[in-house]
Amino acid sequence: MADFNISGQMKVKSLKAKFKEQFGSTLRVYNGVKFADEDVTIASIAKKVAKGEVAAHGRTLVGKFEESMMSEFGIKVQVASADDSKLVDDKVSLTQSGKA
C-alpha cells in the first residue's frame, strides 16, 4: 500500500514527485489562485500554521485528501489524471486516481 506523510518542510516539487511515484496521478499545488513555485516548502505557502502532518494513504479518497491539505495547511491541491489533462473524481481513492 502506497502511503507517505506530508510535512511543512517538504518542497512542493518533492511532494509532487512523491505523489506521482506513489499513486501515478498528478498533484496540482496552488499558492492562492496560481500554481505554487516548485522550489518552495509547503510551510512557506501555507495559509495556516500546521499542527501536524497530512497522511497520503492509498485508500484515502481524493476529496478527503484535498480537504485534509486545506484544513491542515490552508493549501489548495487538486488531484489530476496521470497526464494532467483532467481532474480526478473526488470519490475515488488515491490509488485509483492514477488509473483514471
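Take the range 16-51 and flag every residue that is touching a strand residue (DSSP E or B) at 6+ places or on another chain (Cβ under 8 Å) and hydroxyl-bearing (Ser, Thr, Tyr).
Listed by number, the residues that qualify are Ser25, Thr26, Tyr30, Thr41.
If I filter the range 1-48 down to residues being hydroxyl-bearing (Ser, Thr, Tyr) and closer than 18 Å to Leu61 by Cβ, which single residue comes out as nearest to the chain's Cα centre (by Cα)?
So the first thing to find is which residues in the range 1-48 are hydroxyl-bearing (Ser, Thr, Tyr), and the list is 7, 14, 25-26, 30, 41, 44.
Subsequent filtering for residues that are closer than 18 Å to Leu61 by Cβ retains 25-26.
Details: Ser25: 10, Thr26: 9 Å.
Among them, the one singled out is Thr26.
Scan the range 66-78 and tell me whether some residue there is buried (at least 18 other Cβ atoms within 10 Å of the Cβ), in contact with a helix residue (DSSP H, G or I) (Cβ under 8 Å, 6 or more places away or on another chain) and within 19 Å of Ser97 (Cα to Cα).
yes
Could you grab me the full set of residues in the range 6-57 that are more than 18 Å from Ser71 (Cα to Cα) and open to solvent by less than 30 Å² (accessible area, probe 1.4 Å)?
We begin by selecting, within the range 6-57, every residue more than 18 Å from Ser71 (Cα to Cα); these are 11, 13-14, 16-26, 34-35, 37-40.
Listed by number, the residues that qualify are Phe19, Phe23, Gly24, Ser25, Thr26.
The values are calculated or read from the model by the stated rules, or taken from the named source; none is laboratory data. All values reported here derive from a predicted model rather than from experimental measurement. We place every Cβ from the backbone using ideal geometry, glycine too, and count neighbours over all the protein chains shown. Side chains included, ligands, DNA and RNA excluded: accessible areas come from the protein's heavy atoms. Shrake-Rupley method; radii C 1.70, N 1.55, O 1.52, S 1.80 Å.
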